Amino acid sequence: MSERTVDNKVAVLILQHPQEQDHVLSTAKLLCSTLAKAKLTVGLSWRNLGHALGEPAEAKDWGVLYLGSAHVAKEKGPLVALDGKGEPLADQRASRAGLEGIVALDGNWAQAKALWWRNPWLTRLRRFVVVPGGPSLYGDLRREARPDAVSTLEAVGLALSVLERDPAVREKLLVPFRALLAKARAEAVRPVKRDRRVRR
């Protein structure tokens with residue numbers, strides 16, 4: 001186990017849209033290299049949770065980070081369990097009990113929606129929505145379809161910090177993400193070398 005690996009108790013399965021895998025600022029691989037229990041699966045559709053995970057798994061023991069709007073859940077906290085109609089469940093604590101893992105959909109907004117609709121078995125998982133406390137750290141590096149949209153890494157970090165009752169999990173995940181963004185910004189704003197010779 002590497003020095004920066006986060007020993008998460010709740011497993012993470014990332015379903016990544018094929019068009020997202022070569023994106024320079026994609027955070028799925030970063031998540032998998034940082035979390036002890038994380039699996040990245042690239043594709044468009046899978047028969048069921050076990051097929052996507054590569055091992056037997058019960059849908060009732062897993063949740064999915066749902067694409068629903070966070071505005072319906074703002075008063076309930078950073079991670080809110082929803083019913084099938086997208087409304088917050090009355091007993092939030094019970095909705096998290098016995099949760100073994102969470103599924104995150106990785107891609108832009110349209111790609112994530114495609115993954116959701118192509119995999120109907122996702123509707124059998126417990127449904128959670130992440131309510132971020134502010135905008136994504138991406139800033140102007142990557143455009144998002146909605147102001148409350150964050151990176152896959154930020155969403156998973158927030159979810160795990162709530163589910164495991166440990167804010168440090170999110171902070172540990174953000175360390176390599178901030179480094180990735182700093183590198184991207186440095187490369188994007190390299191000063192243009194100018195010819196210092198004065199021509200007359």
Query raised in the report: Which of the residues spanning segment 91-112 are surrounded by 17 or more Cβ atoms within 10 Å (Cβ to Cβ), part of a loop (DSSP other than H, G, I, E, B) and either more than 15 Å from the chain's Cα centre (by Cα) or free of Cβ contacts under 8 Å to residues at least 40 places away in the same chain (or both)?
Result: LEU99
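Does at least one position in segment 27-44 carry a residue that is assigned to a loop (DSSP other than H, G, I, E, B), modelled with pLDDT under 90 and polar (S, T, N, Q)?
Of segment 27-44, the ones assigned to a loop (DSSP other than H, G, I, E, B) are 27, 36-37, 43-44.
Filter once more, keeping what is modelled with pLDDT under 90: 27.
Still in the running and polar (S, T, N, Q): 27.
Within segment 27-44 (the criterion being assigned to a loop (DSSP other than H, G, I, E, B), modelled with pLDDT under 90 and polar (S, T, N, Q)), the answer is yes, since at least one residue qualifies.
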Query - Cβ-Cβ under 7 Å pairs, at least 6 apart or on other chains, segment 14-32 side touching a residue at least 60 places away in the same chain (Cβ under 8 Å) and surrounded by 15 or more Cβ atoms within 10 Å (Cβ to Cβ), far side in a helix (DSSP H, G or I) and of a type in the set (Asp, Glu) - result: SER26/GLU20
Query raised in the report: For segment 29-54, which residues satisfy the criterion of being small (Gly, Ala, Ser) and over 21 Å from GLN19 (Cα atoms)?
Result: ALA36, GLY50, GLY54
Report summary line: Within segment 53-75, residues at pLDDT 95 or above and aromatic (Phe, Trp, Tyr) come out as TRP62
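The values are calculated or read from the model by the stated rules, or taken from the named source; none is laboratory data. Since we're looking at a predicted model, the values are computed, not measured. Positions of Cβ are backbone-derived with ideal geometry, glycine not excepted, and every protein chain shown enters the neighbour counts.
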